[in-house]
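The next block holds one structure in the form of structure tokens; read it before the comments.
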Amino acid sequence: MRIAVDHTIVVDFPVSLPRVTLALRVTPEDNHDQTVAGWRIGPDRDARLNIGRDGYGNVLTMLYADGPLDRIEIHVGGEVFTGPSSGILSAAHPEPLPPSLFLRQSSGNAEAPDLAALVIDAVEEAEGDIDRLHLLNVALHQRAEDSNADMLAAMFVSAARRLNYPARCVSGYFARDGGATPHFWAEAYVADVGWVGFDPAIGLSAGEDHARVASAIDLSGVATVIGGRIRL
């Protein structure tokens, strides 16, 4: 599937600043499941971009700009070609950290008021690991559908860990209505299968309409931009 990304991130600052440093997680990478073409990051003023990696192995772009300025607009765009994966992240995807790290609950993930009930329901009705996680994904979608995608992803991660599955938050882009928008979902680790993507915002597995950018133990680790007040 061809996913065309074309959007602008607006970052506001509370006061005019003489210089600005931002950390951006907006760049998808080539892997077994996706190929990236013509990716670009274009700030609306002179700026220096340094590309590296964060502690989870995600592409991290540091943006440095001189002021005075009270806002900055960053245009992000390109194309991502994805293939059918049934939500399973290829074993060829580089994993710098062991799955066991993602069993630890984090204060950066959300708790739903009826989270315990969701977990119990999923366990009682399931016929195996994948089925249990799918049921949890659907339950969250049905009972918390008014929540934002990022909060739903965090709820899924917290619930999956209660069931003793390593789980993490994921950021990227979701194709819909001919375009693509920034989006969040989750991945859970299943023995003998690997990392599997679940999107409680739609109640389905993360598929070829998802372009993956970053993953981390909680939402703060996959934040699109760090610094200022962000409008996507």
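Quick look at the values:
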| quantity | calculated |
| --- | --- |
| Peptides 214-226, 150-162, 78-90 ordered by average Cβ neighbours within 10 Å, highest first | 150-162, 214-226, 78-90 |
| Calculated SAXS-style log₁₀ I(q)/I(0) at q = 0.21 Å⁻¹ - segment 1-91, Debye, Cα scatterers | -1.06 |
| Convex hull volume of segment 70-167 per residue (C-alpha atoms, cubic angstrom) | 188 Å³ |
| Rounded Å value of the spacing that divides the Cα centres of segment 44-105 and segment 1-21 | 14 Å |
| Å² per residue, accessible surface of segment 78-232 at 1.4 Å | 44 Å² |
| Extension reserve of the L49-L69 stretch, reckoned as 0.36 nm per residue once the Cα distance is removed | 5.5 nm |
| Förster-model FRET efficiency, 41 Å R0, D192 and A116, C-beta, rounded to 0.05 | 0.90 |
| Neighbour net charge for H32 - beta-carbon separation under 14 angstrom, K R +1, D E -1 | -4 |
| Spin-label proximity, Q142 to segment 176-207 - amide N less than 18 Å from point 7 Å beyond Cα toward beta carbon | 199-205 |
| Computed FRET value (nearest 0.05) for H7 with S90, which takes r as the C-beta separation and R₀ as 25 Å | 0.40 |
| Extension gain, D131 back to R104 (0.36 nm per residue minus Cα-Cα distance, nm) | 7.5 nm |
| Among 182-194, 165-177, the order from most to least packed when residues are scored by Cβ within 10 Å on average | 165-177, 182-194 |
| 10 °C / 1.306 mPa s Stokes-Einstein diffusion coefficient of segment 160-202, Kirkwood radius on C-alpha pairs, µm²/s | 138 µm²/s |
| Carbon plus sulfur fraction of accessible area for segment 1-149, probe 1.4 Å, in percent | 51 percent |
| Cubic angstrom per residue, convex hull over Cα atoms of the chain | 123 Å³ |
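The values are calculated or read from the model by the stated rules, or taken from the named source; none is laboratory data. Quick caveat, the model's predicted, so the values are computed rather than measured. Every residue, glycine as well, gets a Cβ built from its backbone with ideal geometry; the counts of neighbours run over all protein chains shown. Side chains are part of the model used for accessible areas, which takes the heavy atoms of the whole protein and leaves out ligands, DNA and RNA. Shrake-Rupley method; radii C 1.70, N 1.55, O 1.52, S 1.80 Å.
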